[in-house]
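Asks: This is the structure, below, for whatever I ask next.
Please treat every number below as a calculation from the coordinates, not as lab data. The structure presented is a predicted model; accordingly, all values stated were derived computationally and were not measured. With ideal geometry, Cβ positions are generated from the backbone for all residues, glycine too; neighbour counts draw on all protein chains shown.
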Amino acid sequence: MRAPEATSTVDFAPRAIARLPPASPRQRGSVTWERRLLGWHSLLCYLFLYVPILILILYSFNRSKQTAGWDGFTLDWYGRLFANDLILRAVKNSLIVAVSATIFATIIGTMVALALARRSFRGKGATQSALYLPIIIPEIVIGAALVTFFGVIELRLSLWTVVLAHIAFCISYVAIVVRARLAGFDRSLEEAASDLGAGPLDTFRRVTLPIILPGIIAGALLVFTISIDDYVVSSFVAGVGATTLPIQIYSMLKVGVTPEVNAVSTLLLLLTVVLIAIAQRLQQDPTPSLSKGARKK
Amino acid sequence: MTTARFRTRALTALALPLALALTACGKKAEAPQAEDAAATKNAGKLNIYIWSAYLPKEVIDKFAAQTGIQVNFDTYDSNEALLEKLQSGVADYDLVVPSDYMVKILIAEKLIQPLDHGKLPNIANLDPRFLDKKFDPRNQYSLPYFWGTTGLGYNKQKLGTVDSWEAAFDPKNKGRILMLDDMREVFGAALKSMGKSLNETDPAVLKQAADKLKKQKRLVATYNSGDFANILAAGDVDVAHGYNGQIAEVVANAPDKLAYVVPKEGATLWMDNVCIPVKARNAENAYRFLNYIMEGPVNAEIVNGVSYASANVPARQLIRPEILNDISIYPPDEIIARCEFLEDIGDATTLLDQYWTEIKAQ
C-alpha cells in the first residue's frame, strides 16, 4: 500500500507521460546522447515507480512468511487470504467506502465545478478558495476535525462516518479536475443545441456531459484511489465494524505483515488496472465522435 | 445513430459497475442499521477493540454461541489510536486492551471505568505477580491480558549463545546491531546492562547510561521499532533489540539460525490490559466476556491460539508445552524477577529527552 501522503502527485504522473505526443520516428544517426540520456532517465523513473509494485506482486507468491528472501513459488497466500475473515471484511469495507465516496463525491464535485464555471454568485471567491482547503490541510487535521465534529453532533462512529469523511475530502479533487476540463469548454456548442430546440436537460445530457465526461471519470478514478488507500482520516473516524484495509494492514504490523497482505494488494491492483482500462476505453476521444455526429446531422 | 449508440453503450458500461456497487452498498447499508436496531432491542452486543492477532476467532465464536451475544471486533495499531478513539466520545466500544502506560493515561482522562471485582470471580485465577502495578494500583480499572518482554533477538549461528545485554554493546558486533527507536527502551537496555533499574532517576547514573549509549551509537546499524524482526530475519543484523512477540515469529521460521533471549541482567516487561470504557453501552456483556476469558480452559485456548503469555494460573496446565517452555514467551521466574515495568520517571524524562536527542544527532 502506498503512503497516504504520496497520492496526489504520483497518480497523475503516468497519465501525463502517456499524454505526451509519440516521439518522431527514429532516423539513422539522429539518436543523440541527450536523447539517450532522456531514455535512460525515463527508464529509471519507471523502474522507480514500478519495481516496488512488481516485487510486491512477486512476493505474494513467495513460500516464505518473511519478506527476507525467496523460498519458492506458492499460491497458498491466496488460499489463506480467502479464508481470512478479517482481511476479507476489511476489503469489503474499503470497497463500500471507496465506491460510495466516489459516487457521491463525483456527483457533488461535478455540480460544484459547473456552478463555479457557469454562474456568478455571492461568495464565489470564498467557495473557490475553500475548495482547495481539504487538499492543502494535513490529513491528520481533517481527521481530528471530523471526529470532533461527529462528537459534537453525537453521531456514533461507524462505517458511514468513514463514508461521510471520504466524501467530504474527495469533493474538492473532483471539482478541481472537472473544472480544468470545463476551462476549455466551447459554450457555443450548448448554444447551438438550444438553438436547435434542445431543452436545458437535453443539452446537458447530450452535449455538456459527454464533453466533460473524461474529466468526471478522471476525477472519479482519482478519488477512488485516494479513498481506497486512505489511512489517516479513516483511522480517526472509523467505528465499530468499520476496519478498512489500510487500518487492517497497519494493525497487522505489530505482529508482522504476512504475504496475505501482498496477495490482497495484488488483487486490488488488478481491480484498479481493470477500472482504469475501462475508463480509458470510455475516454477514447469522445469529442471527435461528437463532431462526426454533428456533421452527419 | 452511431454517436448515440456509442454514448449509450459507454454510459451503460460506466453505469453497470456503479450500479452493481450501489446495490452492493445498499445491501450493506441495511446491515449496520439492522444491527443498531437489534442492539436497542435486546442489548445482545459486545464491541471489542483490540490489538491485531490477540484474540482467536474460535474463542469469540464459542462465547457468542454460549451467550447469544453478538460480538464485533476491530483492531488498532497503536495505543494512541485507541486513545483518540475513546476521546472522540462517539465510539461504541465495550472492551479495550491498552498497554500499561496507556492505562494510566486513560484513567487520568477518565475514559475507562472502575471495574466491579464482584462481577469477576475469575480474578482469583490471575498470577499476583502481574497484579497491583503502579500504573493501576489494586487493579481498579484494568486486568492483565497479555504480558511480554523486551529483549534481544540474535543470530546464534554467528554469535553462539547470547545471554547478556553486552552483546548489543560489543565492538565485535559493529554494524550488526539494531536497537529499538524508543528512548525509554534503549535507556532501559543500557541501565539494565549496568545493573541499574529501568526507572532510574539519578542524574549521575543517567549520564553514565547516556555515555554508554553514545559509545554504542558507532556500533549500531539502525534504530528501528517497526520492522526489527524482519531485519534480523533477513540477516542484515546479528543482534536486534525488540519485543518478544515479533521476534518469536521470525525465530519460529528459522529455529536453527535465530533465537530470542531475555538478558540475564533483566529487561522491560510490558503488559496489555483489558478495560471497560466509561461510555461502554454494553458494559454488562463486557463483564461477562472478561470473566469468560479468565476461565482457565478459555484462557489456555487464547494463549494456544496466538502465542502470547497470559497471567492466568490454571490456564498453564492446558497451554501447549512448546509455548509454556518457550523462554521467549514464558521466561523463567528468576529472570522475570529481574524484569521491570516502565514507570513514569517524572522530571528525569526531560533529561533523557536531551540525552536521546544528543545520541540520535551524533
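Asks: Taking a ≥ b ≥ c as the square roots of the eigenvalues of the Cα gyration tensor of the range B:206-362, is the shape rounded (a/c under 1.5), prolate (a/b larger than b/c) or oblate? Walk me through the numbers before you get to the answer.
Replies: On the way: a/c = 2.23, a/b = 1.44, b/c = 1.55.
Oblate is the answer for the range B:206-362, as a/c is 1.5 or above yet b/c matches or exceeds a/b.
Asks: Further question on the same structure: Rounded to the nearest whole Å³, what is the per residue volume of the convex hull around the Cα atoms of the protein assembly as shown? Could you put the intermediate results ahead of the total?
Replies: Numbers: hull volume 142.0 nm³, N = 659.
Cα-based convex hull of the protein assembly as shown, divided per residue, equals 216 Å³.
Asks: Turning to a different aspect of this structure: Among the aspartates and glutamates, which fall within straight-line cross-link reach of B:LYS45, defined as a Cα-Cα distance under 12 Å, with same-chain neighbours fewer than 8 residues apart omitted?
Replies: Within reach: B:GLU35, B:ASP36, B:ASP92, B:ASP94, B:GLU284.
Asks: Follow-up. Along the positive direction of the dipole of the protein assembly as shown (beta-carbon charges: Lys, Arg +1; Asp, Glu -1; about the Cα centre), which of B:LEU213, B:VAL90, A:TYR50 reaches farthest?
Replies: Checked the options; the winner is A:TYR50.
Asks: Give, rounded to the nearest 20 debye, the magnitude of the charge dipole that the range B:257-301 has about its Cα centre when Lys and Arg contribute +1 at Cβ and Asp and Glu contribute -1 at Cβ.
Replies: Details: 5 positive and 5 negative charges, 32 e Å.
Using Cβ point charges on Lys, Arg, Asp and Glu, the range B:257-301 gives about 160 debye.
Asks: Kindly provide log₁₀ I(q)/I(0) values, in the same order as q = 0.06, 0.12 Å⁻¹, from the Debye equation applied to equal alpha-carbon scatterers of chain B.
Replies: -0.29, -0.94
Asks: Highest mean first, how do B:149-161, A:199-211, B:91-103 rank when packing is the count of other Cβ atoms within 10 Å averaged over residues?
Replies: Numbers: B:149-161: 20.1, A:199-211: 15.2, B:91-103: 24.3.
So the order, starting with the most tightly packed, is B:91-103, B:149-161, A:199-211.
Asks: Using amide H atoms built 1.01 Å from N in the peptide plane, name the residues 5+ places from B:PHE73, or on other chains, whose amide H lies under 5 Å from its own.
Replies: Counting only residues 5 or more places away or on other chains, the set is B:ILE48.
Asks: For B:ALA221, what charge total do you get from the other residues with a beta carbon under 12 Å from its beta carbon, if Lys and Arg give +1 and Asp and Glu give -1? Please list the in-between numbers first.
Replies: Numbers: positive: B:LYS174, B:ARG176, B:LYS217, B:ARG218; negative: B:ASP236, B:ASP238.
Value of the local net charge: +2.
Asks: Work out which helices of chain B, taken as complete DSSP H runs, extend at least 27 Å along their axis over the Cα atoms and score a mean Kyte-Doolittle of -0.5 or more, then list them. Write down the numbers at each step before the final one.
Replies: Numbers: long enough: B:2-42 (60 Å, 0.02).
Result, helices passing both filters: B:2-42.
Asks: Given a cut-off of 19 Å, name the pairs among B:LYS174/B:LYS214; B:LYS172/B:LYS360; B:LYS192/B:LYS214; B:LYS110/B:LYS134; B:LYS174/B:LYS360 whose C-alpha atoms lie farther apart than that in the structure shown.
Replies: Numbers: B:LYS174/B:LYS214 14 Å; B:LYS172/B:LYS360 22 Å; B:LYS192/B:LYS214 16 Å; B:LYS110/B:LYS134 17 Å; B:LYS174/B:LYS360 17 Å.
In this structure, B:LYS172/B:LYS360 lie more than 19 Å apart at Cα.
Asks: Taking neighbour counts of Cβ atoms within 10 Å as a proxy for exposure, in what order, fewest first, do B:SER78, B:SER307, A:SER194, B:SER142 appear?
Replies: Details: B:SER78 16, B:SER307 21, A:SER194 13, B:SER142 26.
Sorted ascending by nearby Cβ count, the order is A:SER194, B:SER78, B:SER307, B:SER142.
Asks: Near B:LYS215, which aspartates and glutamates are there with a Cα under 18 Å away, not counting those fewer than 8 places off in the same chain?
Replies: B:GLU166, B:ASP170, B:ASP181, B:ASP182, B:GLU185, B:ASP353, B:GLU358
Asks: Over the Cα atoms of the range A:85-284, how large are the radius of gyration and the largest Cα-Cα distance (Dmax), in Å?
Replies: For the range A:85-284, the Cα radius of gyration and maximum Cα-Cα distance read 19.3, 67 Å.
Asks: How large is Rg/Rh for the range A:188-268, to two decimals, with Cα atoms and a Kirkwood Rh?
Replies: With Rg and the Kirkwood Rh in hand, the quotient comes to 1.32.
Asks: I would also like to ask the following. Evaluate the charge dipole of the range A:85-284 about its Cα centre and quote only its size in Debye, nearest 20, assuming +1 on the Cβ of each Lys and Arg and -1 on the Cβ of each Asp and Glu. All intermediate terms of the calculation are to be shown ahead of the outcome.
Replies: Working: 14 positive and 11 negative charges, 55 e Å.
Result for the range A:85-284 is approximately 260 debye, rounded to the nearest 20.
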